[in-house]
Amino acid sequence: MRLHKPVLRASVPVCVLAGVSVAAWAAWLGWDQQYDVRPDGSTSGPYAVWQVVGLVLTLLVPVCWAAARGHSAAAVGGTTAGLTLAACVDWADDASGLFVVGVVLVMAGTFVATAVVSAVTDTLRRDLPLTR
């Protein structure tokens with residue numbers, strides 16, 4: 001089977017954004033697997049707010065970059081696929097099976113957030129002429 005250049009060229013941004021998303025998940029969230037026990041006995045975690053904010057801000061750059069270059073669909077699809085895959089792999093050891101709910105929520109949230117960011121970036125790109 002021979003891939004046509006347009007198909008191959010269109011899949012590169014998706015794969016790059018998926019890879020960046022998996023790497024960002026590993027850097028920000030992948031190393032923290034322990035729940036924190038507070039003095040009152042309640043638990044939180046395993047992720048702190050600053051870790052999730054760091055992940056979001058890290059991924060904001062490549063999503064905006066891709067959307068500004070006309071790859072809005074790749075920004076949405078690649079980032080959503082990468083974070084969904086990372087969450088599924090990271091949480092798959094949950095014996096209760098409820099990790100699937102979390103993975104679906106990550107997928108839906110990532111899809112909506114990246115779609116909004118990509119649409120705004122694409123709109124700004126069309127309204128503001130870029131000098132080259």
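Does G109 qualify as being on the phi > 0 side of the Ramachandran plot and open to solvent by 30 Å² or more (accessible area, probe 1.4 Å)?
The answer is no for G109.
Given (1) aromatic (F, W, Y); (2) crowded, with 19+ Cβ neighbours inside 10 Å; (3) without any contact (Cβ under 8 Å) to a residue 40 or more places away in the chain; (4) touching an Asp or Glu at 6+ places or on another chain (Cβ under 9 Å), identify the lone condition not met by Y47.
All conditions are met except number (2).
Would you pick out the residues in the stretch 62-104 that are of a type in the set (S, T, Y) and in contact (Cβ under 8 Å) with a residue 12 or more places away in the chain?
Selection gives S72, T79, T80, T84.
Out of the residues in the stretch 12-30 that are of a type in the set (G, A, S) and closer than 14 Å to V76 by Cβ, which is least open to solvent (accessible area, probe 1.4 Å)?
It comes out as S21.
For the stretch 55-68, does any single residue satisfy the condition of being of a type in the set (F, W, Y), in contact with a helix residue (DSSP H, G or I) (Cβ under 9 Å, 6 or more places away or on another chain) and open to solvent by less than 60 Å² (accessible area, probe 1.4 Å)?
no
For W65, state whether it is part of a helix (DSSP H, G or I), closer than 20 Å to D122 by Cα and aromatic (F, W, Y).
Taking the combined requirement at face value, the residue satisfies it.
State the number of residues belonging to the stretch 82-106 that are surrounded by fewer than 20 Cβ atoms within 10 Å (Cβ to Cβ), among the small types (G, A, S) and either at pLDDT 95 or above or assigned to a helix (DSSP H, G or I) (or both).
Total meeting the criteria: 1.
The values are calculated or read from the model by the stated rules, or taken from the named source; none is laboratory data. All of these numbers come straight from a predicted model, not from anything done at the bench. Backbone-built Cβ (ideal geometry, glycine too); neighbour counts: all protein chains shown. Just so you know, the surface numbers come from the protein's heavy atoms only, side chains and all, with ligands and any DNA or RNA stripped out. Shrake-Rupley method; radii C 1.70, N 1.55, O 1.52, S 1.80 Å.
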